[in-house]
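I have placed the structure first, in the form of structure tokens, so that the comments after it can refer back to it.
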Amino acid sequence: MIRVMLVDDHGMVREGLKYYLEVEDDIEVIGEAPDGREAAALAGKLQPDVILMDLMMPGVDGVEGTRLCLEASPNSKIVVLTSKAEDDMVLPAVRAGALSYLLKDVSASGLAAAIRAAAAGMPTLHPTAASKMMRQVQGDHAKQEKQARISPREMEVLSLIARGFGNKKIAKELFISERTVKTHVTHLLEKLELGDRTQLAIYAINNKLVEP
């Protein structure tokens with residue numbers, strides 16, 4: 001038997017999932033939780049084979065819940081089952097350890113097949129989720145390529161821009177001329193494909209390149 005735990009903040013959804021899954025001869029629902037924190041505590045006790053994890057939950061969401069559940073039950077396989085493939089949730093969920101990513105429009109037979117595949121260590125990705133994940137990975141790669149072109153001196157200038165320094169103050173801090181600072185700023189704008197120094201500062205902080 002494949003021992004399954006359900007994690008979803010909607011009781012009716014959990015009841016529906018139990019109804020569909022309990023007709024399967026090789027699948028047993030052994031527990032359920034309304035959020036990621038309770039799920040982790042329960043997973044530690046039950047050690048389920050597969051955990052069906054919603055992402056959009058109050059309190060501890062499914063991304064953090066995935067990480068916590070795998071800490072508590074390392075051999076469990078996480079199957080994300082959520083309402084839509086959010087751009088900012090797909091890759092974080094996979095990075096947190098989710099094996100599969102399904103949308104709630106999946107058929108009962110499709111869900112059962114995904115659970116069996118997960119129990120065997122095989123991932124199942126909804127086409128929309130797979131597409132979004134690929135775009136995010138490609139975007140991360142492009143961002144890394146841009147950042148790799150920044151020289152150590154340009155990184156120093158970027159750090160000071162993020163801290164609100166003007167050109168004159170940057171020049172004094174780095175013992176270079178204002179003209180050289182302007183050249184570095186121009187190169188940074190070109191390499192990162194940004195429009196002004198405000199965007200440089202925001203980019204640096206958002207991407208944790210420097211401390212403001």
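The table for this structure:
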read-out	value
Under-5 Å amide H pairs with residue 106, H placed in peptide plane, nonlocal only	none
Estimated Rh, the range 2-128: Kirkwood, alpha-carbon pairs, angstrom	13.8
Per-peptide average of other Cβ atoms within 10 Å, ordering 49-60, 176-187, 26-37, 68-79 highest first	49-60, 68-79, 26-37, 176-187
Amide H partners (placed H, <5 Å) of residue 60, local residues excluded	36, 37
Solvent-free Debye scattering, log10 I(q)/I(0), computed from the Cα coordinates of the range 144-206 at q = 0.13 Å⁻¹	-0.28
Environment charge of residue 81, counting only residues whose C-beta is closer than 9 Å and scoring Lys/Arg +1, Asp/Glu -1	-1
3J(HN,Hα) from dihedral phi, the range 75-83, Karplus parametrisation 6.51/-1.76/1.60, rounded to Hz, x for glycine, proline	8, 6, 10, 9, 10, 5, 9, 9, 6
Only Lys, Arg (+1) and Asp, Glu (-1) charged, at Cβ; the range 37-78 dipole about Cα centre in debye	120
Net +/- balance of residues flanking residue 3 in space, Cβ distance below 15 Å, scoring K and R +1, D and E -1	-3
Pair residue 174, residue 107: separation of 7 Å Cα→Cβ label points (nm)	6.1
Relative contact order (%) - criterion: Cα under 8 Å, at least six apart; region: the range 2-128	22
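Only the coordinates and a few stated rules stand behind these numbers; no lab work does. Note that the coordinates shown come from a computational prediction; the quantities given were computed from them, not determined experimentally. Methodologically, a virtual Cβ is constructed for each residue, glycine included, from the backbone with ideal geometry; neighbour enumeration extends over all protein chains shown.
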